[in-house]
Amino acid sequence: MSADAPLNAETVNELREILEEGLDELFEEYLADTPKQLEQMRGAAEGGDAAALTSIAHTLKGSSGNLGVAVVYELCRQLEERARAADTGDAAERVAAIESAFAEARTAIQAEMNG
């Protein structure tokens, strides 16, 4: 599997075995909640609010990691690390990258749910 794949197939397969149809419900919640978090993250980046960025990135990192949304997880991990160090200079660009990765992940998640 490519490191750039939006979903970690191994994680998704393990979750599907354990949760069966319950995984689709978790994916639906993730798809509904993430745009709100991204909007908050964008606002925090624009305002240079390192504490808010740290918190939101940490939360999104956790939910992404739990569901195998690999690229979003990694980008949030990086943003969280930078924000903890109060380095918000490129936060807007990092948030844009997370938004782009989420758009790709959304497509992959929808395919997984329909497949």
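The values are calculated or read from the model by the stated rules, or taken from the named source; none is laboratory data. Here the structure is a predicted model, which is why all the values come from computation and not from measurement. Counting neighbours? That spans all protein chains shown, and the Cβs are built from the backbone with ideal geometry, glycine included. Ligands, DNA and RNA are stripped out before the accessible areas are found, and what is left, the full protein with its side chains, is counted by its heavy atoms. Shrake-Rupley method; radii C 1.70, N 1.55, O 1.52, S 1.80 Å.
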Could you quote the convex hull projected area for the range 51-110, Cα atoms only and averaged over all directions, in nm²? 3.5 nm²
Would you give the gap between the C-alpha center of the range 1-36 and the C-alpha center of the range 47-71, rounded to a whole Å? 16 Å
Roughly speaking, to the nearest percent, how much of the range 39-115's 1.4 Å accessible area is carbon and sulfur? 47 percent
Could you work out how much longer the chain between E29 and T59 gets when fully extended? Use 0.36 nm per residue separation minus the Cα distance between them, nm to one decimal. 9.4 nm
The chain: relative contact order as a whole-number percent, Cα under 8 Å and 6+ apart: 34 percent
What accessible area per residue, rounded to a whole number of Å², is obtained for the chain using a probe radius of 1.4 Å? 54 Å²
At most 13 other C-beta atoms within 10 Å and a DSSP loop state: those are the exposed GluC sites (Glu not before Pro) I care about. Give me the longest piece of the chain that has none. 22-115
Neighbourhood charge, 15 Å Cβ-Cβ cut-off, centred on Q40 and excluding it, Lys, Arg +1 and Asp, Glu -1: -2
For n ≥ 4 DSSP H runs only, could you compute -39500 (n - 2.57) per run for the chain, divide by its residues and tell me the 222 nm figure to the nearest 500? -28000 deg cm²/dmol
Cα-based Rg of the chain per 2.2 N^0.38 Å, rounded to two decimals? 1.06
For the range 2-49, take every pair of Cα atoms, bin their distances at 10 Å starting from 0, and report each bin as a whole percent. 23, 33, 30, 13, 1
Put +1 on the Cβ of each Lys and Arg and -1 on the Cβ of each Asp and Glu in the range 48-95; which of G65, A91, A50 then has its Cα farthest toward the positive end of the dipole? G65
Net charge over other residues, Cβ less than 15 angstrom from the Cβ of A86 (K, R count +1; D, E count -1): -2
I want to check the label-to-label distance for E17 and A85. Put each point 7 Å from Cα in the C-beta direction and report it in nm to one decimal. 3.8 nm
Charge tally in the Cβ shell below 12 Å around V12, where Lys, Arg are +1 and Asp, Glu are -1, V12 excluded: -4
